[in-house]
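Written below as structure tokens is the structure these notes are about.
The values are calculated or read from the model by the stated rules, or taken from the named source; none is laboratory data. Note that the structure is predicted; figures quoted are calculated from it, not measured. All Cβ positions, even for glycine, are placed from backbone atoms using ideal geometry, and neighbour counts span all protein chains on display.
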Amino acid sequence: MKAARHALLLIAGLLLVACAHAADAAATSSAVPWWVWPLGLFIACFLMGIVAVPAGIGGGTLFVPIVGSFFPFHLDFVRGAGLLVALASALSAGPMLLRSGLGSLRLALPLAVLASASSIGGALLGLAMPAQLVQMLLGAVVLGIVVLMFTSKKSEFPQVDQPDAVAQALALHGVFLDGASQRAVRWQVHRSVPGLLVFLAIGVLAGMFGIGAGWANVPALNLLMGAPLKVAAGTSSVVLSLVDSSAAWVYINKGAVLPMIAVPSVVGMMLGARIGARLLNVLKGSVIRRLVIAVLLFAGTRALLKGLGVWP
Amino acid sequence: MKNPGDLAVQPPEQMRYATWLDWGTRVGLVVLLLSFAAYVLGLAQSHVPVSRLPELWIHPVGRFLELTGSPTGWGWLALVHRGDIAGLLGIAILAGSSVLCLLALVPLYWSRGDKAFAAICLAEVAVVLVAASGWISGGH
């Protein structure tokens, strides 16, 4: 346990050192051999993947602020790759989550239709805006995520006495086997209309910044609509797999997806996430969460200052 | 008394979606990895030489396209034999895999009289196809 904690501290330290070193090297990116960047990206994403799972945050949320702030790639390509990182992770996890009932297709589909449509608008808006403005807004959003991670409460099994009319008409309910208690848990949701509107806004953010929106999906499903926490996390992944598909096409069509940036990122993040999932029961979630908050705080501040031209 | 696992059986459409998604993702990832390996190992000629990338990826996408003559929209299909462009094939499979999964659900929902969800599936397919077509993003 103690060794694992030390290992994690080392990983977080490495991540910060790698970021700071990358920021220095980024200034003279043309002088560095080309293969250093994809290799560095792979290592950074591998480390991000390890900490992302135990911290309960999507790898895509870490990817854009960190890579956008500390690597030499233009933010257009970082967002394109970020969407693919989030998409590939969501697609890989989706089948298992759906089979176990932790992800509900019935709950995900209506939300995904609206969020997918708005994510196209978000992606177009993000690609049309000046990079500095996007960088600044990204910094503000990331700092907002930090605040949300600090303050947001969670409810394992929210009380939903009565589903609303929309939830009733669309039969937005289900059942899953809770591994901890070994009992079948039935659930239903309420406040569907506010939930749909919130997902409309989440789609814009996902498309604009290329960040996976699990940080927003889970509270919206859990605290607003009343889905159990595990169902909220699983369904968020299914929603992401659909929303990021639409937004990713906008970036592909605009030519903003470079395989040399996207592929090492996807592979590194997925390999790291496998290790992170294995460490889930060994590491203390609250410690990792605090470390991830520290990294995000650093990356968010850097993005904001970069956008403001204070820290180029 | 029933086993809790028997009580938590998932609907058939959810299981079908999971199976199709599983296969779509696997195929996409395999194509992505193989094409990237061919690219970095130099087995296929690149549209943009890898050595030039550090001086190019610092630019906004519009400038990058000007400097490299890289295609937008579906123009990449004509250059798919080039190592760097071939990587987009795996990416396109990953980004498009949900379309087939959703279409596979429509007959299930329709035969059960669940027309609302059949329509929702078709609406999501339409959204992804509009995004993929490049009509809105002006990629064509």
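Name the residues in segment A:238-282 that are among the hydroxyl-bearing types (Ser, Thr, Tyr) and more than 11 Å from every other protein chain (Cβ to nearest Cβ), would you? Please lay out each step first, then the result.
Looking only at segment A:238-282, we keep the residues that are among the hydroxyl-bearing types (Ser, Thr, Tyr), and these are A:241, A:245-246, A:251, A:265.
Within segment A:238-282, just A:Ser265 meets the criteria.
Of the numbered conditions (1) surrounded by 14 or more Cβ atoms within 10 Å (Cβ to Cβ); (2) at pLDDT 85 or above; (3) of a type in the set (Asp, Glu), A:Asp161 satisfies every one except a single condition; which is it?
So A:Asp161 meets the others, but not (1).
Under 17 Å from the mean Cα position of the chain (by Cα), crowded, with 24+ Cβ neighbours inside 10 Å and among the β-branched types (Val, Ile, Thr), is that true of A:Val257?
Taking the combined requirement at face value, the residue does not satisfy it.
Residue by residue through segment A:178-196, note down the ones that are in contact with a helix residue (DSSP H, G or I) (Cβ under 8 Å, 6 or more places away or on another chain) and either on the phi < 0 side of the Ramachandran plot or outside any loop (DSSP other than H, G, I, E, B) (or both).
A:Asp178, A:Arg183, A:Ala184, A:Trp187, A:Gln188, A:Val189, A:His190, A:Ser192, A:Val193, A:Pro194, A:Gly195, A:Leu196
Among the residues of segment A:228-266, which ones are touching a Phe, Trp or Tyr at 6+ places or on another chain (Cβ under 7 Å) and closer than 23 Å to A:Phe46 by Cα?
Within segment A:228-266, A:Ala256, A:Val257, A:Leu258, A:Pro259, A:Ile261, A:Val263, A:Pro264, A:Ser265 meet the criteria.
Having 1 or more residues that are touching a residue at least 12 places away in the same chain (Cβ under 8 Å) and touching a strand residue (DSSP E or B) at 6+ places or on another chain (Cβ under 9 Å) is the bar; report the helices (runs of 4 or more DSSP H) wholly within segment A:211-284 that clear it.
Helices (runs of 4 or more DSSP H) meeting the threshold: A:229-253.
In the list B:Ala78, B:Ala44, which residue meets the criterion of being assigned to a helix (DSSP H, G or I) and either of a type in the set (A, V, I, L, M, F, W, C) or in contact with a strand residue (DSSP E or B) (Cβ under 8 Å, 6 or more places away or on another chain) (or both)? Step through it out loud before you land on a result.
On the way: B:Ala44 fails: assigned to a helix (DSSP H, G or I).
Of B:Ala78, B:Ala44, the one residue that is assigned to a helix (DSSP H, G or I) and either of a type in the set (A, V, I, L, M, F, W, C) or in contact with a strand residue (DSSP E or B) (Cβ under 8 Å, 6 or more places away or on another chain) (or both) is B:Ala78.
Give me the residue from segment B:82-140 that is more than 7 Å from chain A (Cβ to nearest Cβ) and β-branched (Val, Ile, Thr) and, out of that set, surrounded by the most Cβ atoms within 10 Å (Cβ to Cβ).
B:Ile85
How many residues does segment A:139-177 hold that are touching a residue at least 60 places away in the same chain (Cβ under 8 Å) and in a loop (DSSP other than H, G, I, E, B)?
Of the residues in segment A:139-177, 12 are touching a residue at least 60 places away in the same chain (Cβ under 8 Å) and in a loop (DSSP other than H, G, I, E, B).
For B:Leu103, which of the numbered conditions (1) free of Cβ contacts under 8 Å to residues at least 60 places away in the same chain; (2) under 23 Å from the mean Cα position of the chain (by Cα); (3) closer than 30 Å to A:Pro33 by Cα; (4) in a helix (DSSP H, G or I) fails to hold?
Only one criterion is unmet by B:Leu103, namely (3).
Residue-wise test of (1) under 30 Å from B:Cys121 (Cβ atoms); (2) of a type in the set (S, T, N, Q); (3) at pLDDT 90 or above.
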{"site": "A:Trp215", "(1), (2), (3)": "yes, no, no"}
{"site": "A:Thr235", "(1), (2), (3)": "yes, yes, yes"}
{"site": "A:Lys254", "(1), (2), (3)": "yes, no, yes"}
{"site": "A:Ser265", "(1), (2), (3)": "no, yes, yes"}
{"site": "A:Gly272", "(1), (2), (3)": "no, no, no"}
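Within segment B:54-64, is there a residue that is at positive phi, over 16 Å from the mean Cα position of the chain (by Cα) and part of a loop (DSSP other than H, G, I, E, B)?
Here is the first cut: in segment B:54-64, the ones at positive phi are none.
Checked segment B:54-64: no residue is at positive phi, over 16 Å from the mean Cα position of the chain (by Cα) and part of a loop (DSSP other than H, G, I, E, B).
Taking A:Leu229, is it surrounded by fewer than 24 Cβ atoms within 10 Å (Cβ to Cβ), more than 20 Å from A:Val193 (Cβ to Cβ) and touching a Lys or Arg at 6+ places or on another chain (Cβ under 6 Å)?
Spelling it out, A:Leu229 is indeed surrounded by fewer than 24 Cβ atoms within 10 Å (Cβ to Cβ), more than 20 Å from A:Val193 (Cβ to Cβ) and touching a Lys or Arg at 6+ places or on another chain (Cβ under 6 Å).
Of everything in segment A:197-210, what is in a helix (DSSP H, G or I) and small (Gly, Ala, Ser)? Give them in sequence order.
A:Ala201, A:Gly203, A:Ala206, A:Gly207
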